[in-house]
Amino acid sequence: MHRSVINLDEVELHSFPPEHAPSGAAAERFAPRLGMLGRQLGASKLGYNLIALAPGMRAFPFHSHHVNEEMFFVVAGRGEMRLGESRHALRAGDVVACPAGGPETAHQIINTGDEELRYLAVSTQESPEVCVYPDSGKYAVMVDGEGGFRTVGRLGESLGYWEDE
């Protein structure tokens, strides 16, 4: 049974499972704790996550979505939003819209404060999705559902359609 109302104080936060956790140098920069609310609330078209970041940490690499739109609401703490080529200070009460698009909509939240930063992330859940990661020159293609898949590649590297056929 789903609840219609959940207070953010009740949300249990979890780190990524080991098979999906950042490793190597990335583990020193990326360490979100996530509370996945969407399923608990019975949502079917939107994803809802509470994200907590320790000082100096980021949740995800700088990226843009070609399909899905995201919105962030800062609940507590201070940080910085990278948005396209600009940077914006964040504090409790701020709301940020990140529509689907190209490099101009690439985004990343960084805890630049000295206390935990918490924010609510709400996004559409359309599939398939293509994300681009400008800092690393990568892309990801994700397809949900039965027979779904995920692949990550490097921009500019591609196989020919007829190659190896």
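The values are calculated or read from the model by the stated rules, or taken from the named source; none is laboratory data. Computed from a predicted model, the values in this text were never measured in an experiment. Here the Cβ is made from the backbone with ideal geometry for all residues, glycine too, and neighbour counts use every protein chain on show. Remember, those area values only see protein heavy atoms, side chains included, never the ligands or the DNA or RNA. Shrake-Rupley method; radii C 1.70, N 1.55, O 1.52, S 1.80 Å.
Any residue in the range 148-165 that's more than 28 Å from Glu126 (Cα to Cα): show its pairings with residues that are basic (Lys, Arg) at Cβ separation under 7 Å, as long as the two are six or more apart or on different chains.
Close Cβ pairs (under 7 Å, with a partner that is basic (Lys, Arg)) do not exist here.
Where residues in the range 88-106 are in contact with a Lys or Arg (Cβ under 8 Å, 6 or more places away or on another chain) and crowded, with 19+ Cβ neighbours inside 10 Å, which of them is nearest to Pro32 (Cα to Cα)?
Going through the qualifying residues, I end up with Leu90.
Within the range 53-85, how many residues turn out to be over 12 Å from the mean Cα position of the chain (by Cα), open to solvent by less than 20 Å² (accessible area, probe 1.4 Å) and under 22 Å from Ser15 (Cα atoms)? Walk me through how you get there before you give the answer.
Residues of the range 53-85 over 12 Å from the mean Cα position of the chain (by Cα): 53-57, 66-67, 73-85.
After this cut, where a residue has to be open to solvent by less than 20 Å² (accessible area, probe 1.4 Å) as well, the list is 53, 74, 77, 79, 81, 84.
Okay, now just the ones that are also under 22 Å from Ser15 (Cα atoms), so 53, 74, 77, 79, 81.
Residues that pass the stated criteria total 5.
Consider only pairs whose beta carbons are under 9 Å apart and that are at least six residues apart or on different chains; among these, list those whose first residue lies in the range 9-30 and is over 18 Å from Pro61 (Cβ atoms) and whose second residue is open to solvent by less than 80 Å² (accessible area, probe 1.4 Å) and modelled with pLDDT under 95.
Val11/Leu37
Can you name the residue in the range 1-43 that is small (Gly, Ala, Ser) and part of a helix (DSSP H, G or I) and, of all such residues, is surrounded by the most Cβ atoms within 10 Å (Cβ to Cβ)?
Narrowing the range 1-43 to residues small (Gly, Ala, Ser): 4, 15, 21, 23-27, 31, 35, 38, 42-43.
Those left that are additionally part of a helix (DSSP H, G or I): 24-27, 38.
On the way: Gly24: 6, Ala25: 8, Ala26: 12, Ala27: 10, Gly38: 17.
Looking at the filtered set, the residue picked out is Gly38.
Which one of these is in a loop (DSSP other than H, G, I, E, B), under 15 Å from the mean Cα position of the chain (by Cα) and either of a type in the set (Gly, Ala, Ser) or under 14 Å from His63 (Cα atoms) (or both): Ala140, Ala121, Ala100?
Working: Ala140 fails: in a loop (DSSP other than H, G, I, E, B); Ala121 fails: in a loop (DSSP other than H, G, I, E, B).
Exactly one of Ala140, Ala121, Ala100 is in a loop (DSSP other than H, G, I, E, B), under 15 Å from the mean Cα position of the chain (by Cα) and either of a type in the set (Gly, Ala, Ser) or under 14 Å from His63 (Cα atoms) (or both), namely Ala100.
Do any residues in the range 115-126 that are open to solvent by less than 20 Å² (accessible area, probe 1.4 Å) have Cβ atoms under 8 Å from those of residues that are among the hydroxyl-bearing types (Ser, Thr, Tyr), where the two are at least six apart or on different chains, and which pairs are they?
Here the result reads Ala121/Tyr48, each pair linking the range 115-126 to a residue that is among the hydroxyl-bearing types (Ser, Thr, Tyr).
Restricting attention to the range 127-139, report how many residues are open to solvent by less than 40 Å² (accessible area, probe 1.4 Å) and in contact (Cβ under 8 Å) with a residue 24 or more places away in the chain.
4
Would you call Arg39 over 26 Å from Pro128 (Cα atoms) and not aliphatic (A, V, I, L, M)? Spell out how you get there, then give the answer.
Working: over 26 Å from Pro128 (Cα atoms): no; not aliphatic (A, V, I, L, M): yes.
No: the conditions fail for Arg39.
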